[in-house]
Amino acid sequence: MTPILYSFRRCPYAMRARLALASSGIEVALREIVLRDKPAAFLETSPSGTVPCLKVGGVVIDESLDVMVWALGQQDPEGWCDMPDAGWAWIERADGPFKHALDRTKYATRYPDQDADTHRAAAAAFLKGLDAQIGDWIFDRPTLADYAILPFVRQFAFIDKTWFDAQPWPDLQRWLELFLVSDRFKAIMTKYPAWEPDTAVVTFP
(Lines give C-alpha, C1' and ligand atoms only; values in the text may rest on other atoms or scores of the structure.)
Protein backbone atom coordinates (compact mmCIF):
# COMPACT_ATOMS: atom_id res chain seq x y z
CA MET A 1 0.00 0.00 0.00
CA THR A 2 1.34 3.43 -0.94
CA PRO A 3 2.28 5.55 2.08
CA ILE A 4 0.27 8.74 2.56
CA LEU A 5 1.98 12.06 3.28
CA TYR A 6 -0.06 14.94 4.66
CA SER A 7 1.88 18.06 3.77
CA PHE A 8 1.74 21.84 3.41
CA ARG A 9 3.88 23.37 0.70
CA ARG A 10 5.40 26.29 2.62
CA CYS A 11 5.93 24.58 5.99
CA PRO A 12 9.68 24.04 6.56
CA TYR A 13 9.02 20.84 8.48
CA ALA A 14 7.02 19.47 5.55
CA MET A 15 9.71 20.70 3.13
CA ARG A 16 12.38 18.62 4.76
CA ALA A 17 10.17 15.55 4.82
CA ARG A 18 9.58 15.95 1.07
CA LEU A 19 13.32 16.47 0.50
CA ALA A 20 14.12 13.13 2.14
CA LEU A 21 11.32 11.32 0.33
CA ALA A 22 12.52 12.76 -2.98
CA SER A 23 16.10 11.70 -2.27
CA SER A 24 15.01 8.20 -1.26
CA GLY A 25 12.76 7.81 -4.29
CA ILE A 26 9.94 6.40 -2.19
CA GLU A 27 6.60 7.23 -3.75
CA VAL A 28 3.83 8.53 -1.51
CA ALA A 29 0.30 9.77 -2.01
CA LEU A 30 0.63 13.47 -1.22
CA ARG A 31 -2.29 15.21 0.44
CA GLU A 32 -1.87 19.00 0.54
CA ILE A 33 -3.50 20.37 3.68
CA VAL A 34 -4.90 23.85 4.23
CA LEU A 35 -3.87 24.48 7.83
CA ARG A 36 -6.75 26.84 8.57
CA ASP A 37 -9.26 24.23 7.38
CA LYS A 38 -7.89 20.81 8.31
CA PRO A 39 -9.88 17.84 6.96
CA ALA A 40 -11.33 15.40 9.46
CA ALA A 41 -9.39 12.51 7.90
CA PHE A 42 -6.13 14.33 8.61
CA LEU A 43 -7.05 15.13 12.20
CA GLU A 44 -8.03 11.52 12.74
CA THR A 45 -4.61 10.42 11.47
CA SER A 46 -2.25 12.97 12.99
CA PRO A 47 -1.94 12.88 16.79
CA SER A 48 -0.65 16.47 16.81
CA GLY A 49 -2.73 17.90 13.97
CA THR A 50 0.47 19.17 12.34
CA VAL A 51 2.29 18.51 9.08
CA PRO A 52 4.08 16.57 7.89
CA CYS A 53 2.34 13.38 8.87
CA LEU A 54 3.24 10.12 7.14
CA LYS A 55 0.96 7.10 7.31
CA VAL A 56 2.61 3.81 6.38
CA GLY A 57 0.06 1.04 6.67
CA GLY A 58 -1.08 1.18 10.29
CA VAL A 59 1.90 3.23 11.43
CA VAL A 60 1.78 7.03 11.73
CA ILE A 61 4.99 9.08 11.75
CA ASP A 62 4.13 12.53 13.04
CA GLU A 63 7.53 14.26 13.32
CA SER A 64 9.39 15.62 10.30
CA LEU A 65 12.83 14.39 11.30
CA ASP A 66 11.37 10.95 11.94
CA VAL A 67 9.87 11.01 8.43
CA MET A 68 13.32 11.84 7.02
CA VAL A 69 14.98 9.05 8.99
CA TRP A 70 12.28 6.55 8.01
CA ALA A 71 12.53 7.40 4.30
CA LEU A 72 16.32 7.24 4.25
CA GLY A 73 16.24 4.07 6.32
CA GLN A 74 14.33 2.42 3.47
CA GLN A 75 16.56 3.77 0.70
CA ASP A 76 19.46 6.22 0.94
CA PRO A 77 20.97 6.31 -2.56
CA GLU A 78 22.81 9.58 -1.93
CA GLY A 79 24.21 8.54 1.42
CA TRP A 80 22.65 11.38 3.41
CA CYS A 81 22.76 9.38 6.64
CA ASP A 82 26.48 8.76 6.25
CA MET A 83 27.47 11.86 8.20
CA PRO A 84 29.57 12.61 11.28
CA ASP A 85 27.86 12.57 14.68
CA ALA A 86 28.29 16.34 14.68
CA GLY A 87 25.53 16.45 12.06
CA TRP A 88 22.97 15.31 14.63
CA ALA A 89 24.21 18.01 17.01
CA TRP A 90 23.73 20.67 14.33
CA ILE A 91 20.20 19.42 13.66
CA GLU A 92 19.41 19.45 17.38
CA ARG A 93 20.60 23.06 17.71
CA ALA A 94 18.65 24.09 14.62
CA ASP A 95 15.44 22.40 15.78
CA GLY A 96 15.84 23.70 19.33
CA PRO A 97 17.42 27.09 20.12
CA PHE A 98 17.53 28.35 16.53
CA LYS A 99 13.88 27.55 15.73
CA HIS A 100 12.87 29.01 19.10
CA ALA A 101 14.61 32.28 18.22
CA LEU A 102 13.36 32.19 14.62
CA ASP A 103 9.72 31.96 15.68
CA ARG A 104 10.09 34.86 18.11
CA THR A 105 11.66 36.95 15.38
CA LYS A 106 9.27 36.09 12.54
CA TYR A 107 6.10 36.03 14.65
CA ALA A 108 7.01 38.77 17.11
CA THR A 109 3.37 39.85 17.55
CA ARG A 110 2.59 36.43 19.03
CA TYR A 111 5.17 37.03 21.76
CA PRO A 112 4.48 40.61 22.95
CA ASP A 113 6.39 40.03 26.19
CA GLN A 114 9.61 39.09 24.37
CA ASP A 115 12.15 41.22 22.53
CA ALA A 116 12.38 40.29 18.83
CA ASP A 117 15.82 41.88 18.43
CA THR A 118 17.22 39.72 21.22
CA HIS A 119 15.89 36.61 19.52
CA ARG A 120 17.19 37.72 16.12
CA ALA A 121 20.63 38.12 17.70
CA ALA A 122 20.39 34.59 19.14
CA ALA A 123 19.44 33.19 15.74
CA ALA A 124 22.27 35.16 14.14
CA ALA A 125 24.78 33.66 16.57
CA PHE A 126 23.75 30.17 15.45
CA LEU A 127 24.04 31.15 11.79
CA LYS A 128 27.46 32.71 12.34
CA GLY A 129 28.67 29.41 13.73
CA LEU A 130 27.08 27.49 10.89
CA ASP A 131 28.73 29.79 8.35
CA ALA A 132 32.11 28.96 9.89
CA GLN A 133 31.35 25.23 9.51
CA ILE A 134 30.19 25.32 5.89
CA GLY A 135 32.42 24.79 2.86
CA ASP A 136 30.15 23.83 0.01
CA TRP A 137 28.18 21.82 2.56
CA ILE A 138 28.13 21.45 6.34
CA PHE A 139 30.58 18.56 5.91
CA ASP A 140 32.48 17.56 2.78
CA ARG A 141 29.36 16.55 0.84
CA PRO A 142 25.58 16.84 1.18
CA THR A 143 24.10 15.00 4.17
CA LEU A 144 20.93 14.81 6.19
CA ALA A 145 22.12 17.78 8.25
CA ASP A 146 22.09 20.11 5.24
CA TYR A 147 18.59 19.21 4.14
CA ALA A 148 17.15 19.08 7.65
CA ILE A 149 18.40 22.63 8.36
CA LEU A 150 18.13 24.45 5.03
CA PRO A 151 14.32 24.97 5.09
CA PHE A 152 14.62 26.79 8.43
CA VAL A 153 17.52 28.96 7.31
CA ARG A 154 15.37 29.85 4.29
CA GLN A 155 12.49 30.76 6.59
CA PHE A 156 14.73 32.99 8.70
CA ALA A 157 16.37 34.62 5.67
CA PHE A 158 13.06 35.76 4.23
CA ILE A 159 11.95 37.50 7.40
CA ASP A 160 14.16 40.35 6.15
CA LYS A 161 16.16 39.22 3.12
CA THR A 162 17.94 42.57 2.73
CA TRP A 163 19.21 42.34 6.31
CA PHE A 164 20.14 38.68 5.89
CA ASP A 165 22.09 39.33 2.69
CA ALA A 166 24.03 42.13 4.40
CA GLN A 167 25.39 39.83 7.12
CA PRO A 168 29.02 38.60 6.99
CA TRP A 169 28.05 34.99 6.29
CA PRO A 170 29.30 34.38 2.73
CA ASP A 171 29.44 30.58 2.88
CA LEU A 172 26.04 30.28 4.53
CA GLN A 173 24.49 32.69 2.02
CA ARG A 174 25.99 30.82 -0.93
CA TRP A 175 24.82 27.48 0.54
CA LEU A 176 21.27 28.78 0.85
CA GLU A 177 21.24 30.39 -2.60
CA LEU A 178 22.45 27.21 -4.29
CA PHE A 179 19.62 25.37 -2.55
CA LEU A 180 17.01 27.94 -3.62
CA VAL A 181 17.96 27.72 -7.30
CA SER A 182 18.39 23.93 -7.31
CA ASP A 183 16.19 21.55 -9.26
CA ARG A 184 15.65 19.64 -6.02
CA PHE A 185 14.10 22.66 -4.29
CA LYS A 186 11.94 23.43 -7.31
CA ALA A 187 10.75 19.82 -7.40
CA ILE A 188 9.56 19.81 -3.79
CA MET A 189 7.82 23.20 -4.15
CA THR A 190 5.31 22.22 -6.82
CA LYS A 191 1.90 23.71 -6.06
CA TYR A 192 -0.88 21.20 -5.50
CA PRO A 193 -4.59 21.80 -4.92
CA ALA A 194 -5.86 21.28 -1.39
CA TRP A 195 -6.68 17.64 -0.74
CA GLU A 196 -10.23 16.52 -0.16
CA PRO A 197 -11.44 12.95 0.33
CA ASP A 198 -12.90 12.74 -3.17
CA THR A 199 -9.93 14.23 -5.06
CA ALA A 200 -7.70 12.19 -7.35
CA VAL A 201 -4.52 10.70 -5.89
CA VAL A 202 -1.43 12.90 -6.28
CA THR A 203 1.84 11.01 -6.15
CA PHE A 204 5.17 12.41 -4.96
CA PRO A 205 7.95 12.58 -5.98
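The values are calculated or read from the model by the stated rules, or taken from the named source; none is laboratory data. The shown structure was predicted, so the numbers you read here are calculated from the model rather than taken from an experiment. Every residue, glycine among them, receives a Cβ derived from its backbone with ideal geometry; neighbour counts consider all protein chains shown. All accessible areas refer to the heavy atoms of the entire protein, side chains included, with ligands and DNA or RNA removed. Shrake-Rupley method; radii C 1.70, N 1.55, O 1.52, S 1.80 Å.
Each of the peptides 21-27, 184-190, 78-84 was scored by the mean count of other Cβ atoms within 10 Å over its residues; in descending order, highest first, they stand as 21-27, 78-84, 184-190.
Rolling a 1.4 Å probe across the protein heavy atoms gives segment 36-124 an accessible surface of 56 Å² per residue.
Each Lys and Arg adds +1 at its Cβ and each Asp and Glu adds -1 at its Cβ; summed about the Cα centre, segment 62-205 shows a dipole of about 500 debye.
Near the amide H of residue 28, within less than 5 Å, lie the amide hydrogens of 204, all on another chain or at least 5 residues away, with H placed in the peptide plane.
Site pair residue 199 and residue 40 shows an inter-label distance of 1.9 nm when each label is modelled 7 Å from Cα along Cα→Cβ.
Nearest-5 percent of antiparallel DSSP beta bridges in the chain? Each step should come with its number before you reach the end.
Working: 8 of 12 bridges.
Here the share of antiparallel DSSP bridges comes out near 65 percent.
Here the accessible area is traced with a 1.4 Å probe on the protein chains. For segment 101-184, carbon and sulfur cover 51 percent of it.
Add +1 for every Lys or Arg and -1 for every Asp or Glu among the other residues with Cβ under 12 Å from the Cβ of residue 191, and state the total.
Working: positive: 9, 10, 186; negative: 32.
Taking every other residue near residue 191 into account, the sum is +2.
Taken along the Cα-to-beta-carbon direction at a fixed 7 Å, the label points for residue 75 and residue 167 span 3.6 nm. Along segment 188-205 the Karplus relation, 6.51 cos²θ - 1.76 cosθ + 1.60 evaluated at θ = phi - 60°, assigns HN-Hα couplings of 8, 9, 4, 8, 10, x, 4, 6, 9, x, 9, 7, 5, 5, 10, 9, 9, x Hz to successive residues, with x for each Gly and Pro.
For residue 137, the amide hydrogen comes within under 5 Å of no other amide hydrogen, counting only partners 5 or more places away or on other chains and with H modelled in the peptide plane. For segment 5-21, 3J(HN,Hα) computed residue by residue from phi via the Karplus equation (6.51, -1.76, 1.60; θ = phi - 60°) reads 10, 7, 9, 9, 3, 8, 6, x, 5, 5, 4, 6, 5, 5, 4, 5, 5 Hz, glycine and proline entered as x. Rounded to the nearest whole Hz, the Karplus-based 3J(HN,Hα) values (6.51 cos²θ - 1.76 cosθ + 1.60, θ = phi - 60°) of segment 78-86 follow the sequence 9, x, 4, 7, 7, 9, x, 4, 4, with x at glycine and proline. Note: relative contact order over segment 125-205, using C-alpha pairs below 8 Å and six or more positions apart, is 32 percent.
The gain in end-to-end length when the residue 154 to residue 82 segment is fully stretched comes to 23.5 nm, 0.36 nm per residue minus the alpha carbon separation. Taking 23 Å as the limit for the C-alpha separation, the pairs 99/191; 55/106; 55/99; 55/186; 99/128; 55/191 exceed it in the case of 99/191; 55/106; 55/99; 55/186.
Can you give the relative contact order of segment 20-143 as a percent, counting alpha carbon pairs under 8 Å and 6+ residues apart? Display every interim value, and only then the final one.
Values: 89 pairs, mean separation 25.4, N = 124.
Taking the mean separation of contacting Cα pairs over the length of segment 20-143, I get 20 percent.
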